[in-house]
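Reading through the structure tokens given below for one structure.
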Amino acid sequence: MQMNKQRAFGEVPILLKKEKKGNGKVKEAIAKLSRGLMLPIAMLPIAGLALGVGTTIASQTTSDAGHIIGHMLQMPGNVIFAILPLLFAIAIAITFTNDSGTAGLSAVVGYSVFCIFQTALVIDRPDGYHDFLWYHFDSVKFDSIFTDIIGIRALSTSVFGGIIVGALVAFLYNRFKNIQLPKVLGFFSGVRFIPIITFGAACVLGMLFAMIWPLIGTGLYYLGYGFSYGNRYGGGTAFIYGVVNRVLMPFGLHHVLNTTLWFSSVGGTFDLAEHFYSTVNNGTTPIVINDVNLYDTGYTYAQLAGNSDALKITGDINIQIFLTSIVGKNQYLGQVITIQDVINSYDAVHQMSDHAILAPGQYTNFAYVFGMFGLSGAALGMLFACPKGDSRKLCGSIVIPGAVVSSLTGASESIEFTFIFLAPMLFWVFHTIMAGLAAMITTILMFYAPVVGPHVTFSFSQGIIDFVIYGVLTDARGGGAHCWVLLVLSVIYFPIYWVVFIWAIKKWNLPTPGRNGATKLFNKADWVKKQSGVGNTSESKATSIRDKSMSVIKAYGGPDNILNIDACLTKLRIQVKDKKLVNGDRLKELGALGIIHPSPQSVYAVFGTEADIIKNNMKDIITKGEYKSDAPSQTLKH
């Protein structure tokens with residue numbers, strides 16, 4: 001019974017049940033997949049910043065120099081979003097091959113061949129129709145299924161295609177990296193064989209996708225429509241997404257869910273080819289924005305964005321990035337257009353008869369509400385629930401930096417992990433429901449009160465920085481992002497979190513930082529020893545990140561006990577031979593907020609933003625043979 005109490009203090013309760021071996025392997029694979037998905041997503045902050053600032057400059061200037069400077073920022077940002085499928089292919093390939101450069105190169109080869117092979121199967125007919133294997137498409141349907149990817153006309157598989165190609169390359173690499181060919185072909189043995197076999201395998205994969213993707217793509221389109229339909233009528237889908245998004249966060253699995261909704265047709269489709277590239281309904285329904293007939297002006301909707309290749313945009317973030325780039329004062333229309341203007345014209349063309357729902361922001365708006373100021377209220381709640389004096393000062397030194405990081409950058413994990421281990425019910429019940437409500441409220445406003453409906457995307461995470469780039473700057477040029485609505489909701493969330501945290505912590509005497517005699521957050525061992533009457537202890541911590549990494553290796557049972565070293569944004573993800581050799585108390589002494597056991601061979605330690613740096617140092621120490629089992633423990637001086 002005592003063991004259960006100790007675990008409840010330092011570990012996620014849902015993870016305490018015994019894992020089956022098969023389930024453990026699946027969770028390890030999914031966790032590694034999540035880490036791979038984060039690699040290309042990590043590119044988006046700088047791309048989004050360049051795109052947002054560049055678009056603002058280009059749209060607000062009348063000088064040639066201003067347009068050039070704006071486009072110099074805007075276009076490099078655009079290209080990152082355009083090649084996301086390729087980036088995902090590379091990321092997945094290197095993630096599952098221990099960061100192999102050969103696998104990354106093979107992913108480029110594989111994805112290029114995968115796309116061009118599909119192009120080879122297209123027959124363009126003089127009557128405007130297109131044959132593709134046994135499929136026969138008119139130009140409108142064809143353009144809705146095909147798109148331009150890295151300059152190649154291919155099936156619009158979006159990030160799914162990239163992920164599948166990356167997984168194929170990883171499999172081939174791990175299977176054939178040590179292959180020995182006959183001496184006459186010896187040059188192509190080993191890793192040199194990987195790009196070669198990838199070439200052939202990508203052709204086969206391209207044929208397989210050509211056979212089935214037109215059906216799958218249509219299915220995903222209607223799945224995305226179904227989600228948006230649920231949001232249109234009560235915001236139910238958004239509420240479920242908001243809750244599930246936070247529930248998956250401690251396991252790192254929210255990246256898989258987010259990637260699907262943010263970058264694929266499941267998260268929505270904005271089909272320029274079918275709906276805005278020309279007229280629809282056999283030329284009887286013109287495209288009109290603010291009473292300007294685009295057909296009469298001779299401009300296509302893609303030209304409005306300055307990107308003639310942008311025929312089909314999928315995923316909530318991609319759609320919003322596109323809309324952000326064209327709203328405001330548009331040089332082609334000679335007037336200011338807003339995001340809602342685009343939505344209105346979209347609905348007018350469709351008349352909602354063919355299941356078209358354009359809902360930019362349905363899966364991105366909500367996190368601004370709790371990310372900017374809501375969790376700051378939680379931090380102050382933990383702070384004011386502490387007794388005055390040294391305990392409150394200690395608590396402030398722990399939770400205030402996390403609150404600042406969450407507010408500015410939207411990286412809410414730093415503050416969320418603070419109470420997920422020490423006050424789990426506040427996370428699993430209160431915080432997840434509040435996240436779901438934020439998603440539902442913002443979505444309902446978008447559909448039922450469009451004059452104030454928020455449409456604010458992001459590139460890194462939903463914090464003040466991205467809020468300014470995609471909300472304030474978009475509104476400043478008349479784009480109609482209605483960012484102020486998110487600001488108001490976030491300010492309302494602040495006192496709610498503050499009051500609930502103070503009340504719950506005091507009512508149930510929750511052991512948040514600075515309470516119940518605890519003198520620090522990260523040392524469970526000290527707390528246990530104090531309860532058992534053992535004398536004073538000193539907190540151990542490395543005096544440098546290199547020494548700290550050495551101590552972490554030792555805490556995991558040494559190099560011989562470590563099978564794989566990985567990390568995500570906040571968690572050190574280690575696979576070990578024997579979990580009994582892992583010293584969890586020592587890891588907490590070194591700064592881990594808590595320990596997670598997702599599978600029989602995996603032990604995660606939550607080190608915050610230091611996780612990736614520790615990972616790299618651990619790998620370097622082991623690779624160079626610098627580990628010393630008798631290295632003295634380093635001590636942190638208070």
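Length gained on full extension, residue 451 to residue 29, computed as 0.36 nm times the residue gap minus the Cα-Cα distance: 147.5 nm. Once backbone amide H atoms are built at 1.01 Å from N, residue 189 has 181 as its partners under 5 Å, excluding neighbours fewer than 5 places away on the same chain. Note on residue 390 and residue 508: with the Förster distance fixed at 22 Å, the Cβ-Cβ geometry gives a FRET efficiency of about 0.40.
Surface calculation, 1.4 Å probe, protein heavy atoms: residue 102 sits at approximately 40 Å² accessible. Across region 53-124, the mean sequence separation of Cα contacts (distance under 8 Å, 6 or more residues apart), normalised by length, yields a relative contact order of 20 percent.
A simple spin-label model places the labels of residue 336 and residue 125 4.8 nm from each other, with each point 7 Å out along Cα-to-Cβ. Note on residue 244 and residue 152: the extension gain reaches 29.5 nm, defined as 0.36 nm multiplied by sequence separation minus the Cα-Cα distance.
Summarising the amide proton neighbourhood of residue 149: residues at separation of 5 or more, or on other chains, whose placed amide H is nearer than 5 Å comprise 154. For trypsin sites (Lys or Arg not before Pro), the sites in region 365-450 that DSSP calls loop and that have at most 16 other Cβ atoms within 10 Å are 388. Remark: region 552-615 carries 32 Å² of accessible area per residue (probe radius 1.4 Å; ligands, DNA and RNA excluded). So which of 393/615; 393/506; 548/628; 577/615 end up more than 21 Å apart, counting from Cα to Cα? The answer is 393/615. Close amide H pairs (under 5 Å, H built 1.01 Å from N) link residue 564 with 575, residues at least 5 positions away or on another chain.
Each label point was placed 7 Å from the Cα along the Cα-to-Cβ direction; for residue 547 and residue 98 their separation is 3.0 nm. Of the chymotrypsin sites (Phe, Trp or Tyr not before Pro) found in region 184-236, those that fall in a DSSP loop while having at most 13 other beta-carbon atoms within 10 Å are 233. Step through the table entries 554/579; 588/624; 507/588, compare each Cα-Cα distance with 21 Å, and write down the pairs that go over it. In this structure, 588/624; 507/588 exceed 21 Å between Cα atoms. Using C-alpha pairs under 8 Å with a sequence gap of at least 6, the mean separation divided by the residue count of region 352-472 gives a relative contact order of 35 percent. Remark: relative contact order (region 542-627) = 35 percent; criterion is Cα-Cα distance under 8 angstrom and separation of 6 or more residues.
Among 485, 491, 243, the order of accessible area from largest down is 491, 243, 485, computed with a 1.4 Å probe on protein heavy atoms.
For the peptides 123-135, 466-478, residues were scored by their other Cβ atoms within 10 Å and the scores averaged per peptide; the highest-first order is 466-478, 123-135.
Take residue 43: with every protein chain present and a 1.4 Å probe, its accessible area is about 80 Å².
The values are calculated or read from the model by the stated rules, or taken from the named source; none is laboratory data. Quick caveat, the model's predicted, so the values are computed rather than measured. Quick reminder, even Gly has a Cβ in these numbers, built from the backbone with ideal geometry, and neighbours come from all protein chains shown. Just the protein is used for accessible areas: all its heavy atoms, side chains included, with ligands, DNA and RNA removed. Shrake-Rupley method; radii C 1.70, N 1.55, O 1.52, S 1.80 Å.
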